[in-house]
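Shown next, in structure tokens, is the structure this report addresses.
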Amino acid sequence: MSEIFLFRNESHSNILLHDVSTDGLAVQTNHHLIVHNKGSMILDPGGQTVFNRVLADTTLVSAGAEVKYVFLSHQDPDIVSGTNDWLAATSADAYISQLWLRFVPHTDIVEDLQHRLRAIPDEGMWIDLNGSDLAILPAHFLHSPGNFHVYDPTAKILYSGDLGASLGCDYRRVEDFDDHIPFMRGFHERYMASSAAIRTWSRLIRTLDIEMIAPQHGALFEGKAMVTAFLDWLDSLSCGVDRLPEEYRLPPPRL
Ligand code: FE
């Protein structure tokens, strides 16, 4: 196990759990923990394959703080498939978009635990983590139709889920933004729904005081200059339905 403290003061810490190795085809994932006054929120805790490891790391690095909230940015399997395990092992509530509330139980969440699945309304909400307010912000269609980010005003960190994800780079923090673009471009062009969805999101995000953007896959964007470079790149990106072809054709014949 290894962890990185992204922010720390007497009562508040933000911890990245990394080196949670995944097997075979499974995509690399970052797991983030926000700890405040002996309570914690785990963000996008991952699937069943990493559950034991992430739970053990969470307990260790948060000095036994009570897991109060499980935040699920959207409905993908690398995010929600361990939800039953988290609800069974802790007394936390799990928050997910109202659009996905009735779909997640299909990942085998036992009926007795389902009342601890909570719906996030489309407009977002605030969550009180033992006295620290965390903003759950709408990021719909980036990439899921019911998609949220977490902004922590204490640490000035925006947890951006799949937005900002990079695949295949072997560093933790982006040092050279232009060099980093190839690790993000293909993913964003295909997985993000449209430039309109990005611009609606970025108009709100640019009003916030952000020192770091922390995605669920790949490297972190640290410092205001890097955050701005990332937002500028996104605002100029053509993606999703912007790139939809005029027509589809039948696939090539079988060989
Ligand atoms: Fe996803």
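Couple of notes before you dig in:
- Dipole moment magnitude, nearest 20 debye, region 89-176 about Cα centre, only Lys, Arg, Asp, Glu C-beta charged: 20 debye
- Charged neighbours of L101, selected by a Cβ distance under 14 Å, balance to +1 (K, R count +1; D, E count -1).
- Only Lys, Arg (+1) and Asp, Glu (-1) charged, at Cβ; region 101-255 dipole about Cα centre in debye: 340 debye
- Note on the chain: Kirkwood hydrodynamic radius from all Cα pairs is 18.7 Å, rounded to one decimal.
- Between the beta carbons of E189 and K156, assuming R0 = 35 Å, the FRET efficiency works out to 0.75 to the nearest 0.05.
- Selection from W86, G47, S195, by position along the positive dipole direction of region 2-242 (Cβ): S195
- Within the same chain, lysines fewer than 8 places from K68 are excluded, and of the rest, those with a Cα less than 29 Å from its Cα are K38, K156.
- Using the rule -39500 (n - 2.57) for each DSSP H run of four or more residues, divided by the residues of the chain, the 222 nm mean residue ellipticity is -7000 deg cm²/dmol.
- For the chain, the residue among F141, L129, P251 whose Cα projects farthest onto the positive side of the dipole built from Cβ charges is P251.
Values quoted throughout were computed directly from the atomic coordinates according to the rules given, and no laboratory measurement underlies them. On a predicted model such as this, the values are computed, not experimentally measured, just so you know. Here Cβ is always computed from backbone atoms with ideal geometry, including for glycine, and neighbour counts include all displayed protein chains.
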